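S.K.: Below you will find the structure I want to go over with you.
The values are calculated or read from the model by the stated rules, or taken from the named source; none is laboratory data. Nothing here was measured: the structure is a model prediction, and the numbers come from that model. Note that we place each Cβ from the backbone using ideal geometry, even for glycine, and neighbour counts take in every protein chain shown.
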Amino acid sequence: MKVLVMAATLVAGGFLFNSFPAFAQQRSALLLTPAETRAYHTCLFAAWVEDYCRANSWRLTASYDRVYSGCVAANGGGKFPLGTRNWYNTDDYCSRAARGRLR
């Protein structure tokens, strides 16, 4: 019986805690619509392909550009513009791009 009361108290407390406006706003900012989720995943995939091809296309010849662009095209990348993205801000970049908040 004590376990049931404790579980009910935790559930009710969690519900009240999460129903404050500040927490509700923060929580809704994390959720993406289905269209935003597709854009986010497309961005992450394009970033992964570009990073993979950049790491594996290095040659001692002058054909790096051809090898890199061929690798990106062959792996299905290049479908999302990744202009100001760096290797360390990919998640932030894709999240903002999916929501349309890029500057």
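S.K.: What are the residues in segment 92-103 that are surrounded by 13 or more Cβ atoms within 10 Å (Cβ to Cβ), touching a helix residue (DSSP H, G or I) at 6+ places or on another chain (Cβ under 9 Å) and of a type in the set (D, E, K, R), if any?
M.R.: ARG99
S.K.: Let me ask something additional. Considering segment 66-91 alone, what residues qualify as being surrounded by 11 or more Cβ atoms within 10 Å (Cβ to Cβ) and part of a helix (DSSP H, G or I)?
M.R.: Those that are surrounded by 11 or more Cβ atoms within 10 Å (Cβ to Cβ) and part of a helix (DSSP H, G or I): ARG66, VAL67, TYR68, SER69, GLY70, CYS71, VAL72, ALA73, THR90, ASP91.
S.K.: If you don't mind, there's one more thing I want to ask. If you take the residues in segment 28-55 that are of a type outside the set (A, V, I, L, M) and loosely packed, with under 12 Cβ neighbours inside 10 Å, which one is farthest from GLY78 (Cα to Cα)? Full working, then the answer.
M.R.: Initially, segment 28-55 is screened for residues of a type outside the set (A, V, I, L, M), giving 28, 33-34, 36-38, 40-43, 45, 48, 50-54.
Still in the running and loosely packed, with under 12 Cβ neighbours inside 10 Å: 28, 33-34.
Details: SER28: 30, THR33: 23, PRO34: 21 Å.
It comes out as SER28.
S.K.: Mind checking which pairs have a first residue in segment 63-85 that is more than 13 Å from TRP48 (Cα to Cα) and assigned by TED's automatic domain parsing to the domain that holds ARG96 and a second that is charged (D, E, K, R) and outside any helix (DSSP H, G or I), Cβ under 7 Å, 6 or more apart or different chains?
M.R.: Sorted first by the residue in segment 63-85, then by its partner, the pairs are VAL67/ARG59.
S.K.: Since SER63 meets every condition but one in (1) at pLDDT 65 or above; (2) loosely packed, with under 11 Cβ neighbours inside 10 Å; (3) over 14 Å from the mean Cα position of the chain (by Cα), which condition does it not meet?
M.R.: (2)
S.K.: Please work out if ARG96 is under 17 Å from the mean Cα position of the chain (by Cα), closer than 21 Å to PRO34 by Cβ and assigned to a helix (DSSP H, G or I).
M.R.: Values: under 17 Å from the mean Cα position of the chain (by Cα): yes; closer than 21 Å to PRO34 by Cβ: yes; assigned to a helix (DSSP H, G or I): yes.
Yes; evaluated as a whole, the condition is true for this residue.
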